[in-house]
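Asker: Just dropping this structure here.
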Amino acid sequence: MDAVRKWNQEFQEKYGRPRKMYCFTMGCQMNAHDSEKLIGVLTEMGYVPTDKENEADFVIYNTCCIRENAEQKVYGKLGWLNTLKKKNPELIIALCGCMTQQDVVIERLQKTYSFVDMIFGTFNLYKLPQLLCQRIESGKQVMDIWKEGSDIAEDMPSIRGQNFKASVNIMYGCNNFCTYCIVPYVRGRERSRKPEDIIEEIEKLAKDGVKEVMLLGQNVNSYGKTLDKPISFAELLRMVNEVEGIERIRFMTSHPKDMSDELILAMKECDKVCKNLHLPMQSGSSEVLRRMNRRYTKEKYLDLVRKVKDAMPDITLSTDIIVGFPGETEEDFQETLDVIREARYSTAFTFLYSKRTGTPAAVMEDQIPEDVAKDRFDRMLDILNPIIHEVNEVYVGKETKVLVEEISRHDESILTGRTEQNMLVHFQGDADLIGHIVPVKIKENKTFYLIGERI
Ligand code: SAH
Ligand code: SF4
Ligand code: F3S
């Protein structure tokens, strides 16, 4: 770290400006949080962020490989970076994240993308300073990919995008091996952080002015099971609820197979826990769910939805849905539509199935032709969007509390923020409200966001 800092200081003295960095983040909130750590470390080494990629001295891509198009995008960008590097041979290009954990990707990078300076993975993020130093000293490509994570690296500095909202990893990896999913192969086995480390981090965040925390894990419902002193996610939620200064607690993702009554009760009883639950359905067909290795049925999922709604009538549900999983019939697809009609989501992330090399589903028979999957996808949105509109209609005319996040990109007099139920609200107001929770009356429902008025 010190060596790179010195190298950057010398540059600044010589050229009268600091070296600039550009970090491009893809994928889920885990990756976004990893990028906050990367930026934290780079800042400590003397880099200054820029949003102009072509002006940067150090470009890092924190990649995702959950679907094929994410990978295609990276290859496309790398081609462009190569032209930048020809103009500026001093430019250092780094690639990390989930994509680099795959052997097929490493082979392709070695064959065709030798101009990439640094390649590392998801398990050794914290080695960035060492790897960068190695690259500077040797002038050669540095590649360091680990196949598994050892201990969890605590204490990495991190720079958050917003100072009133923060993500906190409570666990890493995944043990579920859903048959379509690459995550267990690129993020390794499930590892939970100790509750005392998590609470210490959240207390520090609260002292820094953070009001909302998002607890992150691929399956938070199995948090704590493998710790020396096992603890449940429900117990952890209750502990976080006690942290002074924190006003809102969110978490993701909950796997339906592990969602306990104890957790539903904790959500209900903890006043700071937002009444919004992300409960990925993936498919409404029990047969497809079986082949996905999700380990719940349509009926179990719907029972869970009913239980959650009975316990917390004002809760909103969001979900993830995959269309076109191998072998999905029209009848299977209709069952997905059934669940959408019954669960009545306020938000849904919908995906076309994407084949991931190395996963069991990639070699299943009966891969669904693209046109069939796309047709189903469009028909699904025709059912889903009017439901989302209806679900959000209940807020019109009501008062709600909004955590103000930023100024609208389209209009400087408009602020955007989120309600406890995670609905996006736009309303007129001054920028000094950013970071505050303010009462807003909802005037209009625009399906994917609401328009309100400050009261
Ligand atoms: N751990 C979370 C999901 C993480 S990935 C969970 O189990 O719910 C986020 C979403 O991407 C998944 O819920 C799934 O809907 C989607 N996804 C994962 N692999 C996919 C694939 N191969 N094709 C299409 N969508 C996929
Ligand atoms: Fe992927 Fe399933 Fe793990 Fe979620 S639970 S990350 S979908 S394997
Ligand atoms: Fe997240 Fe993509 Fe990796 S969704 S865990 S960044 S494969």
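The values are calculated or read from the model by the stated rules, or taken from the named source; none is laboratory data. Model, not experiment: these values are computed from the prediction. Virtual Cβ from ideal backbone geometry, glycine too; neighbours counted across all protein chains shown.
Asker: Report the residue count in the range 421-455 for those that are in contact with a Leu (Cβ under 9 Å, 6 or more places away or on another chain), buried (at least 17 other Cβ atoms within 10 Å of the Cβ) and in a loop (DSSP other than H, G, I, E, B).
Answerer: So the answer is 4.
Asker: Please specify each residue of the range 2-30 satisfying the condition of being touching a helix residue (DSSP H, G or I) at 6+ places or on another chain (Cβ under 7 Å) and either of a type in the set (S, T, N, Q) or free of Cβ contacts under 8 Å to residues at least 40 places away in the same chain (or both).
Answerer: P18, R19, K20, M21, Y22, C23, T25
Asker: While we're looking at this one, here's another question. Take Q282 and decide whether it is of a type in the set (S, T, N, Q), in contact with a Ser or Thr (Cβ under 8 Å, 6 or more places away or on another chain) and either free of Cβ contacts under 8 Å to residues at least 12 places away in the same chain or within 16 Å of ligand 3 (Cβ to nearest atom) (or both).
Answerer: No, not satisfied.
Asker: Which residue pairs have Cβ atoms under 9 Å apart, sit 6 or more places apart or on different chains, and have a first residue in the range 58-87 that is in contact (Cβ under 8 Å) with a residue 60 or more places away in the chain and under 23 Å from G324 (Cβ atoms) and a second that is charged (D, E, K, R) and away from ligand 2 (no atom under 16 Å from the Cβ)?
Answerer: C65/E71
Asker: Quick one: E203 ticks every box in (1) more than 16 Å from ligand 1 (Cβ to nearest atom); (2) modelled with pLDDT under 95 bar one, so which box is it?
Answerer: (2)
Asker: Could you say which residue among V308, V288, V273 is more than 12 Å from ligand 1 (Cβ to nearest atom), within 25 Å of F177 (Cα to Cα) and in contact with a strand residue (DSSP E or B) (Cβ under 9 Å, 6 or more places away or on another chain)?
Answerer: V288
Asker: Determine if the range 144-167 includes at least one residue that is in contact (Cβ under 8 Å) with a residue 60 or more places away in the chain, within 18 Å of the chain's Cα centre (by Cα) and within 16 Å of ligand 3 (Cβ to nearest atom).
Answerer: Checked the range 144-167: at least one residue is in contact (Cβ under 8 Å) with a residue 60 or more places away in the chain, within 18 Å of the chain's Cα centre (by Cα) and within 16 Å of ligand 3 (Cβ to nearest atom).
Asker: Considering the range 222-257 alone, what residues qualify as being in a helix (DSSP H, G or I), within 16 Å of ligand 2 (Cβ to nearest atom) and buried (at least 20 other Cβ atoms within 10 Å of the Cβ)?
Answerer: Scanning the range 222-257 gives S222, F233, P256.
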